[in-house]
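Notes follow the structure.
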Amino acid sequence: LRTIRLNLKERSYDIIIGSDLLKKAGRLIRKVDPGTDAVVITNEKLLALYGKKLARSLVEGGYSVKFETVPDSEKAKSARVALNLASRIARYDRRKSLFIIAFGGGVVGDIAGFVAAMYKRGVPYIQIPTTLLAQVDSAIGGKTAIDLPIAKNLIGAFYQPRMVISDIGLLETLPTRQLANGLAEIIKYGIIKDARLFKFLERSYAKILLHDASALEYAIQRSARIKARTVESDEFDKTGVRAILNYGHTIGHAIEAACGYSSRYSHGESIAVGMAVAAAISVELGIMEPAEAGRIKALIQRSGLPVLFSGLSLHKIFKALLHDKKFIQGTIRLILPVSIGRVRLVDDVPEKIVKKAIEKSAR
Ligand SMILES: NC(=O)c1ccc[n+]([C@@H]2O[C@H](COP(=O)([O-])OP(=O)(O)OC[C@H]3O[C@@H](n4cnc5c(N)ncnc54)[C@H](O)[C@@H]3O)[C@@H](O)[C@H]2O)c1
Ligand SMILES: [Zn+2]
């Protein structure tokens with residue numbers, strides 16, 4: 001069991017990482033005393049897999065428990081689902097001592113966190129992330145959101161959880177493609193901040209894809225620490241520090257938008273291509289050595305993630321990039337790697353170079 005403290009004055013909280021933590025969740029939560037009545041927001045699949053175990057643990061901790069489920073897709077992050085949840089929660093909220101538990105991947109975490117932020121202008125919530133992506137990224141940092149038809153995550157709030165409980169055992173039932181999805185973000189942390197983590201991944205990527213508990217624990221803990229430290233220095237995404245987490249994401253988001261957020265490219269797969277393209281741009285601009293970019297590309301590929309894309313319209317990708325607020329008058333603002341473990345915000349990347357690099361990545 002390992003605890004990482006995320007320091008934000010009165011909004012500080014612990015990220016607890018370990019095996020078999022679900023059993024202890026009820027007792028762990030007591031430390032932050034969020035209320036007496038737990039509303040667990042999850043989906044049907046996770047309810048079937050782990051509902052009983054979580055309920056038992058919460059009852060043991062002295063809590064009353066009510067489960068609410070949302071659809072198992074990005075569609076759950078909608079205004080309709082959020083208002084529906086709030087109405088159901090209001091009916092249960094008799095003793096005025098209610099708190100929310102987000103039990104799921106990033107979709108559940110984002111909608112549950114959003115409802116926690118909005119219901120009665122904020123009730124306490126706990127994150128129990130169940131995907132690798134959520135354990136290393138989305139459950140940490142307090143960004144909550146729902147989508148609008150025009151774009152993802154347009155409505156949201158910064159609202160920090162009271163605790164994050166990352167049980168590595170929960171990942172045993174996670175399909176390999178979902179592990180790779182989270183691994184893409186871990187590779188990102190290595191490139192932006194942690195050359196040792198990157199080296200570890202070069203040796204141990206296969207272990208992670210095979211659910212090896214100790215490899216997962218090491219990678220999750222290093223990643224969670226980087227995310228926590230970054231959020232501490234820029235909670236509201238204002239100073240530019242938090243922007244480094246966007247490495248690979250500007251181009252990645254354009255790919256996601258071009259495929260209409262279908263399952264053709266997962267978020268991790270899209271940012272994998274985005275990270276490879278950004279590394280190529282870095283080499284083109286003379287910011288990074290070609291050999292370093294080669295290591296980035298090789299690790300992405302060995303992890304079962306793409307560095308090229310196919311079946312997408314270049315026109316749509318460029319259009320999505322142009323709509324991105326980071327694109328300014330013929331130049332684009334990108335996070336580019338300098339070396340493994342270090343990135344830089346480059347303000348004036350010529351549009352031509354970005355387009356050429358994307359064209360080269362089309363299969
Ligand atoms: N708030 C943030 O800072 C932040 C950061 C990154 C991503 N996000 C958001 O996260 C979402 C993506 O999250 P995700 O990648 O976790 O996807 P997801 O929540 O859709 O989960 C992926 C799939 O895995 C299943 N699953 C989850 N846990 C499982 C388990 N233990 N065993 C078996 N199956 C399991 C889910 O039911 C789902 O089908 C997006 O909506 C994205 O916008 C938010
Ligand atoms: Zn991401």
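Values quoted throughout were computed directly from the atomic coordinates according to the rules given, and no laboratory measurement underlies them. This structure is a prediction, so every number in the text was calculated from the model and none was measured. Cβ atoms come from the backbone with ideal geometry, glycine included; neighbour counts cover every protein chain shown.
Given a Förster radius of 30 Å and the C-beta distance between L148 and R196 as r, what FRET efficiency does 1/(1 + (r/R0)^6) yield to the nearest 0.05?
Efficiency at R0 = 30 Å is approximately 0.15.
Do you know the relative contact order of the chain, to the nearest whole percent, from alpha carbon pairs under 8 angstrom that are 6+ apart?
RCO, the chain: 14 percent.
With a cap of 12 neighbouring Cβ atoms within 10 Å, and only residues DSSP puts in a loop, list the trypsin sites (Lys or Arg not before Pro) found in the range 41-111.
Listed in order of number, the matching sites are R94, R95, K96.
Below 29 Å, Cα to Cα, which lysines can K9 reach? Residues fewer than 8 away in the same chain don't count.
Straight-distance partners of K9: K24, K31, K96, K120, K143, K188, K193, K227, K238.
Report, to two decimal places, the Cα Rg of the range 280-346 normalised by 2.2 N^0.38 Å (N = number of residues).
Computed over Cα atoms of the range 280-346, the ratio equals 1.27.
Let me know the Kirkwood hydrodynamic radius for the range 3-97, please, with Cα pairs as the basis and the value in Å to one decimal.
15.0 Å is the Kirkwood radius here.
Considering just Cα atoms, how many Å³ per residue does the convex hull of the range 113-233 enclose?
Considering the Cα atoms of the range 113-233, their hull volume per residue is 120 Å³.
Explain nothing, just the number: relative contact order of the range 232-363, from Cα pairs under 8 Å at least 6 residues apart, as a whole percent.
27
Comparing G182, G190, G240, which has the greatest mean-square fluctuation in the GNM of the chain with Cα pairs linked when under 10 Å apart?
G240
In percent, what relative contact order does the range 262-324 have, based on Cα pairs under 8 Å that are 6 or more apart in sequence?
Averaging sequence separation for qualifying contacts and normalising by length gives 36 percent for the range 262-324.
Please give the contour-minus-distance gain from R363 to V241: 0.36 nm per residue of separation, less the Cα-Cα distance, rounded to one decimal in nm.
Result for the pair: 40.5 nm of gain on full extension.
For the pair L210/R2, report the inter-label distance in nm, with labels modelled 7 Å from Cα in the Cβ direction.
2.1
Would you mind listing how long the chain runs along its three principal axes, going by Cα atoms, in whole Å with the largest first?
In descending order, the Cα extents are 61, 41, 38 Å.
Just to confirm my numbers, what's the Cα centroid distance between the range 201-221 and the range 29-87 in Å?
After rounding, the separation between the Cα centres reads 28 Å.
Under unit Cβ charges (Lys, Arg +1; Asp, Glu -1), what dipole magnitude, rounded to 20 debye, does the range 152-290 have relative to its Cα centre?
140
Between A48 and R203, what is the label-to-label distance in nm when each label sits 7 Å out along the Cα-to-Cβ direction?
4.0
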